[in-house]
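The values are calculated or read from the model by the stated rules, or taken from the named source; none is laboratory data. Keep in mind that this is a model prediction, so the values were computed, not measured. Please note: Cβ atoms are built from the backbone with ideal geometry, for glycine as well, and neighbour counts cover all protein chains shown.
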Amino acid sequence: MLINSSIITDIKSIIAHSKEKAIRAVDHQRTLMYWHIGKRIFEEEQEGKERADYGKYLTEYIARALEPEYGRGYSRRQIELFRQFYRTFPIANALRSQLGWTQYKLLIRIDNQDKREFYIAETIKNNWTSRQLERQMYSNLYERLLLNNDKESVLAVAKKEKQPSDAREIIKDPMFLEFLGLKREASFYEKDLESAILTHLQDFLLELGNGFSFVARQKRIHLEGDEFFADLVFYNRLMQCFVIIEIKTSRLTHQDIGQLQMYVNYYDRIEKLPHENPTIGILPCASKNDTVVRFTLPEGQKQIIASQYELYLPTEKQLLEEVQKELKNFENK
């Protein structure tokens, strides 16, 4: 008897999907349990609020009672996290089932509510793992987007209340490529950086932003006997356009910008379909002069973006200083 071999694949898919749903359901119930514990601790703490250091005494008392029976998951540090969890998210109905306890532990570190809402929305929209969320937080994704966008626009795109209309709403400047494992002091060629990006393609797509998919490497462009090769080509589903990336491991020049402009023009005139939007070109470079970039490109253009890349993660203080500098530049224009 001939049996359709796809039945085994389908059944395995059903099993895997059901297991994933079960794990998520258990994790959500665990998260709710921690929230209710935090609520009860907070209520008790309020009853004794006139007593100095009552909160510290209370968490120590609870930990001594629970940890011997339930293990390290109920240490004093964890008990304090439960209390902080409730204080950060005081409405149980606002807890999202798509987020697990490990992700909430990261989110309660964020004091700014807008910033926290941004990471919640992006985690759910992109189905980030805890590791991916932690990386985006440590790379100061929110602050980097604020360098070129207003807060309302950043939050609206994150929450899918609007589709990005400008590439700068999703593309960061600077880019952080610490996951490539390249040392700042080392010398390397553009092909080395390109190869490292493809080796770590999933991480690079995460850094690029929402909606990107890989299309080609060293895309051959033939123009009446002359051949050119675009380093990397992607497609962005949200912007509905091709995205060409030309990597420069040295200081950006106006010739580099002109070369990428030619590739963008080629894709707009030859590859782009009528329903698609204009092609975007990105120039990740080791350093750049923003004034040179501005005067090389037509005023008001939105297709070419020069983004300086860094091979290490900055501190939040450094990013905030950049935000303040950009705000002053904007006010002086």
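Quick look at the values:
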| quantity | calculated |
| --- | --- |
| Among the residues listed as L311, L260, the single one being over 19 Å from A230 (Cα atoms), of a type in the set (A, V, I, L, M) and in contact (Cβ under 8 Å) with a residue 12 or more places away in the chain | L311 |
| Test: residue in region 198-213 that is under 19 Å from D268 (Cα atoms) and either at pLDDT below 95 or surrounded by fewer than 16 Cβ atoms within 10 Å (Cβ to Cβ) (or both) | yes |
| Residues of region 42-65 satisfying the condition of being at pLDDT 90 or above, closer than 14 Å to E80 by Cα and among the small types (G, A, S) | A63 |
| Test: residue in region 248-262 that is part of a helix (DSSP H, G or I) and in contact with an Asp or Glu (Cβ under 6 Å, 6 or more places away or on another chain) | yes |
| Top-ranked residue in region 191-235 [being in a strand (DSSP E or B) and in contact (Cβ under 8 Å) with a residue 40 or more places away in the chain; ranked as farthest from the chain's Cα centre (by Cα)] | L223 |
| Hey, L81 assigned to a helix (DSSP H, G or I) and among the aliphatic types (A, V, I, L, M) or not | yes |
| Sole residue being surrounded by 18 or more Cβ atoms within 10 Å (Cβ to Cβ) and of a type in the set (G, A, S), chosen from A94, A156, A121 | A121 |
| Which listed residue is assigned by TED's automatic domain parsing to the domain that holds I280 and at pLDDT 90 or above, from R220, R184 | R220 |
| E117 within 21 Å of the chain's Cα centre (by Cα), outside any loop (DSSP other than H, G, I, E, B) and modelled with pLDDT of 95 or more | yes |
| All positions within region 263-290 that are part of a helix (DSSP H, G or I), buried (at least 17 other Cβ atoms within 10 Å of the Cβ) and within 29 Å of the chain's Cα centre (by Cα) | Y263, V264, Y267 |
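Residue by residue, here is whether (1) over 28 Å from the mean Cα position of the chain (by Cα); (2) at negative phi; (3) surrounded by 10 or more Cβ atoms within 10 Å (Cβ to Cβ) holds:
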{"site": "A25", "(1), (2), (3)": "no, yes, yes"}
{"site": "Q29", "(1), (2), (3)": "no, yes, yes"}
{"site": "D53", "(1), (2), (3)": "yes, no, no"}
{"site": "E60", "(1), (2), (3)": "yes, yes, yes"}
{"site": "E67", "(1), (2), (3)": "yes, yes, yes"}
